[in-house]
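Notes to accompany the following structure.
The values are calculated or read from the model by the stated rules, or taken from the named source; none is laboratory data. As the structure is a prediction and not an experimental result, all values here were calculated from the model. Neighbour counts run over all protein chains shown; Cβ positions are idealised from the backbone, glycine included.
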Amino acid sequence: MRLALKTSDPVRTRSRRRALIALLVAAVAAALVIGCIAVANEVNHPELRIRGIPSSGVLSAAALSEATLTVDVVDRRNDASLTNEALRNVEVRLNGEIVPTLWVGSHWVLDVGALRDGEYELTVTTDPGLLSREISLSRRFVVGTTRP
């Protein structure tokens, strides 16, 4: 009488091992690519800039009639595609309310000529895209058109 010896199927074992190794290599490669993109985005992170608010933070009657606030992106690498992506999704809020802006040249423009006396907070937010964190910038200013 012959006894059958239990042996593992070497072909099946090698096939499983190769599939696991291929899966592991693909996962490591994907993690490296995502990590490199995230690091590159952080290093080359653009900055928002708001122009048109005086350093004193007060817009007078004379300044208010011709004042416009502009929002643009300061890109450390002069990468036009990154700048355009950051500017594409800009949201501008004045005292918490979304306000309309116009695209003029390479800037978003907010007309402040119709603002009344008082304190204001301008908040600009954008999402530059793939694996980048949201950029936000706030500035406070006062509109003072009455003369003392």
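Among the residues of the range 36-47, are any in a strand (DSSP E or B), under 21 Å from residue 139 (Cα atoms) and either modelled with pLDDT of 80 or more or of a type in the set (Lys, Arg) (or both)? No, the conditions are met nowhere in the range 36-47.
The residues of the range 86-103 that are closer than 15 Å to residue 135 by Cβ and either modelled with pLDDT of 60 or more or surrounded by fewer than 18 Cβ atoms within 10 Å (Cβ to Cβ) (or both), listed by number, are 87, 88, 89, 90, 91, 92, 93.
Given the options 8, 15, name the one that is modelled with pLDDT under 90, of a type in the set (Ser, Thr, Tyr) and surrounded by 10 or more Cβ atoms within 10 Å (Cβ to Cβ). Residue meeting the stated conditions: 15. Being at pLDDT 80 or above and within 30 Å of residue 36 (Cβ to Cβ) is a description that does not apply to residue 132. Among the residues of the range 106-122, count how many are surrounded by fewer than 16 Cβ atoms within 10 Å (Cβ to Cβ) and part of a strand (DSSP E or B). Adding up the residues that qualify gives 4.
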